[in-house]
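Reviewing the structure listed below.
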Amino acid sequence: MDSKFLYEQIFDNKEYGSERNRIPALYTLNDGSVMAGADIRYGHGSDSPNNIDIAVAVSKNGYNGWEYVMVNHFDDYADTVTSTDSASFIDSVIVQSGTGRIFMIADAQPYECGYLQCKTGSGYCEIDGKKYLLLTDGKNSDKLNTFGYFIGDFEDGFAPVFTRKERKITEYSVDREFRLYKNGEPLYSDQKGSQGVKIQQNIFYSCSDLKCYKTTYLWMRYSDDNGKTWSHPRILSEQVKNEKESFLGVGPGRGAVINHNGKERILFCVYDNNGLFKDPIFENASVIYSDDNGETWHRSNKIKIRSGLQKTSEAQLVRIEGENYKALRIYARNLSNYIAYADSTDGGETWSEFRADRSLEGTKNCMVSLIETSKKIDGKQVVLCSAGGNLLARADGVIRVGLTESNGDVNWISSYHLTQGFYGYSCLTELSDGNFAVFCEDEAAHLRYVVFSVSDSGTVNEINGDNLDFKPDVSPKTERSVKIKRAVARIKFRLGLM
């Protein structure tokens, strides 16, 4: 067997001392290299608030020789322990522009902050038409008007801290990693979970003299050398977050790059909870985009949802190319048993209403991955989908092959059953040699990398694998429940509710 097919597993050798990793991202770079991203979850598989960092692995061919780089790391807690008091990063999404610049956006969470704990507002104030990140030296309340400081403009890598009311410069300043200084000297605190280790204070840490507002921040870094080194972060929330929203986070996995009106446009999926209730039923997907290689960002309309879906959240973008129809399509997680989609014909600025693709079943309330490919079958564009095939639990992973018809509809012609057990988040990519790969959660907090091909008849062939018998482990009572749910879904679809 060709040695390139003996591909290596990624994040499977306790990289960074972690055995529990989640949230796969996967992207084939312009030179054919492949980048994979993952949450490094020290000693736990839980979401924020907890000790979570984000790393990438890069291979020149997508098969072996993976090299690891830590991209986002908070050190308020030792990597051997976790706590809900810890600052964290969660959920990464990757894309590369035509210039070669790789962008990663992740959710940055201050101490004690996650989806359920984030407060309403962007964490910024506006002064003379410009937004500045707010800080407090007291209790981190939900009232932004009590935050008495703000970070000024950066110059030579540092930004002064001002009093908000008098706008007077203070003895404090921050660097571009948001670490704190006083009179030009770094401020230190004890690292929690270790003995004798000092770490520099950061406005995201509970130990810091000055702290940022406890909400979710869209945190962007870029790399110009295929992921070997990364820029200082930029927080995008000031440009795209509504002040009435508490949570605004990314749809993890991969972004998209399109040509729009003669310019390159970079797009990422995001979702919010409208700032109403800490309840996933109020989540709503949208898109952020940049036309100047990541310098400035804008946000699309919030995409309307048909009632049968109940919500949309973590989403992925696909360029649909039918003979008589071309659009940018967004596929999203929702609460039905079908994957939802909406289309944009203006480059992602406005969208049609989300509706269910009733030929595309998937585990409800779980992230899904879809990509367009360069492959054609009978002259039609091939689209791939990775999702759980079990309608009751995150289980029974399925790779589906679809053909784009002339009117833009996707005809799903074949399925490959990848797992019979747990199957959570996943991310697909097309390799430079024409094969495909999926990076997926095949166990709770464990990631698996799988390479496969698609034949000219649409058959999926896993390299070093077999098409599993698809036998979901459900009781007769559960099977009846599934049949009832499917019947209800069909009725809703016919009534135009999905």
Which length gain, in nm to one decimal place, applies between D156 and D175 when the Cα-Cα distance is subtracted from 0.36 nm times their residue separation?
5.9 nm
For a Förster distance of 41 Å, can you work out the FRET efficiency between the beta-carbons of E67 and N183, rounded to the nearest 0.05?
0.55
What spacing in nm lies between the two simple spin-label points modelled at H260 and K165, each 7 Å away from Cα in the Cβ direction?
4.4
Relative pair counts by distance (%), Cα atoms of the chain, 20 Å bins
23, 57, 19, 1
Accessible area per residue in Å² at 1.4 Å probe, computed on the chain:
40
Specify the angular offset, from 0 to 90 degrees and rounded to the nearest 10, of the alpha carbon long axis of helix 476-494 from the longest principal axis of the alpha carbons in the chain.
90
Tally Lys/Arg at +1 and Asp/Glu at -1 over every other residue whose Cβ is under 14 Å from the Cβ of L403; what's the total?
-4
Extension gain, S457 back to E323 (0.36 nm per residue minus Cα-Cα distance, nm):
46.2 nm
Take the solvent-accessible surface of the protein heavy atoms, probe 1.4 Å, and return the percent of it on the chain that carbon and sulfur atoms account for.
46
If R0 is 51 Å, what FRET efficiency do you get for S414 and D85 from their C-beta distance, rounded to 0.05?
0.55
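The values are calculated or read from the model by the stated rules, or taken from the named source; none is laboratory data. All figures in this text were calculated on a predicted structure; none of them were measured in a lab. Note that we place each Cβ from the backbone using ideal geometry, even for glycine, and neighbour counts take in every protein chain shown. Calculation scope for accessible area: heavy atoms of the full protein, side chains included, ligands and nucleic acids excluded. Shrake-Rupley method; radii C 1.70, N 1.55, O 1.52, S 1.80 Å.
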